[in-house]
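Notes follow the structure.
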Amino acid sequence: MTGGSAERARTAYLHVGNAISRQFAGPWLNNIASLGYVSWTVRAKGANDKKAVLAVVWAAFSGHGRDGDAEVDIVMRTWALAVGPEDLDLVAVDDGAIVGHALGAIGDLEGREALAVAPLCVTPSRQGEGIGSSLMAELLARARVAGWPIVMVLGDPGYYERFGFEPAGPLGIYYCPVGRDDPHFQVCRLATPDLSLRGEFRYCWEGPNGSAST
């Protein structure tokens with residue numbers, strides 16, 4: 001993954017995040033259960049799903065004068081590193097077609113393993129139906145059962161706060177590429193807070209100080 005690709009990914013999360021969040025948003029986001037019947041199901045990604053997942057990722061992050069190559073690179077790099085728990089690499093499927101994807105992977109928090117989501121996406125024609133919320137809710141539920149104390153994400157606070165995310169800075173956790181107090185870098189606490197979980201976080205596909213892995 002090139003340094004340029006990594007920088008494009010960070011820029012996408014910060015500058016395109018608000019538009020993507022609005023596209024995810026449906027009137028029922030605060031209570032998925034109120035949907036009743038939905039046409040999609042959420043499950044772990046299978047071995048034969050990769051091509052379809054990458055197509056959804058690319059389409060979801062394309063637009064606004066850019067393409068989704070950086071996010072595709074992130075997903076492929078994460079898969080190659082094999083640092084994502086298989087049951088936290090999720091797809092939404094409707095009538096046999098993959099319409100959404102959420103990837104949880106293990107990063108580094110001052111020498112300790114920590115879980116982060118990157119990326120969460122829904123195919124453009126299905127955004128706004130609650131698919132993204134279903135994926136995130138399922139990922140967090142599985143992470144809690146697996147014993148992960150926190151989950152981190154870089155994205156729009158207005159979207160992610162509904163799942164229990166809060167700014168990471170006040171908790172002493174930061175992501176160098178966006179700065180120590182940027183509200184876009186967030187944490188969801190799934191268990192009693194461990195005050196020793198502090199310091200700089202790095203995604204699995206990054207090197208020291210946020211530089212791209214090679």
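For beta carbons closer than 8 Å, sequence separation of 6+ or different chains, a first residue in the range 183-201 that is without any contact (Cβ under 8 Å) to a residue 40 or more places away in the chain and a second that is among the β-branched types (Val, Ile, Thr) and not in a loop (DSSP other than H, G, I, E, B), the qualifying pairs are PHE185/VAL153; PHE185/ILE173; PHE185/VAL178; GLN186/VAL153; VAL187/ILE150; VAL187/VAL151; VAL187/ILE173.
VAL42 satisfies every condition listed in (1) at pLDDT 50 or above; (2) outside any strand (DSSP E or B); (3) surrounded by 15 or more Cβ atoms within 10 Å (Cβ to Cβ) except (2). Scanning the range 109-145 for residues that are part of a loop (DSSP other than H, G, I, E, B), farther than 16 Å from LYS45 by Cα and in contact (Cβ under 8 Å) with a residue 40 or more places away in the chain gives GLU110, GLN127, GLY128, GLU129, GLY130. Across the range 91-102, the number of residues qualifying as within 17 Å of SER62 (Cα to Cα), free of Cβ contacts under 8 Å to residues at least 60 places away in the same chain and more than 10 Å from the chain's Cα centre (by Cα) comes to 1. Of the residues making up the range 45-56, at least one is part of a helix (DSSP H, G or I), over 15 Å from GLY104 (Cα atoms) and in contact with a Ser or Thr (Cβ under 7 Å, 6 or more places away or on another chain).
All told, ALA191 falls short of being surrounded by fewer than 22 Cβ atoms within 10 Å (Cβ to Cβ) and modelled with pLDDT of 95 or more.
Table: residues versus (1) among the small types (Gly, Ala, Ser); (2) more than 24 Å from ALA80 (Cβ to Cβ); (3) under 16 Å from the mean Cα position of the chain (by Cα); (4) modelled with pLDDT under 95.
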| residue | (1), (2), (3), (4) |
| --- | --- |
| GLY104 | yes, no, yes, no |
| GLY107 | yes, no, yes, no |
| VAL117 | no, no, yes, no |
| THR123 | no, no, yes, no |
| GLY128 | yes, yes, no, yes |
| LEU139 | no, no, yes, no |
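The residue that is surrounded by the most Cβ atoms within 10 Å (Cβ to Cβ), among those in the range 103-125 that are within 20 Å of GLY68 (Cβ to Cβ) and in contact with a Ser or Thr (Cβ under 9 Å, 6 or more places away or on another chain), is LEU103.
For ASP89, indicate whether it is under 23 Å from THR41 (Cβ atoms), surrounded by 20 or more Cβ atoms within 10 Å (Cβ to Cβ) and charged (D, E, K, R). Criteria met by ASP89.
The values are calculated or read from the model by the stated rules, or taken from the named source; none is laboratory data. Just so we're clear, the structure is a prediction, and the values are computed from it rather than from any experiment. Note that each Cβ is placed from the backbone with ideal geometry, even for glycine, and that neighbours are counted across all protein chains shown.
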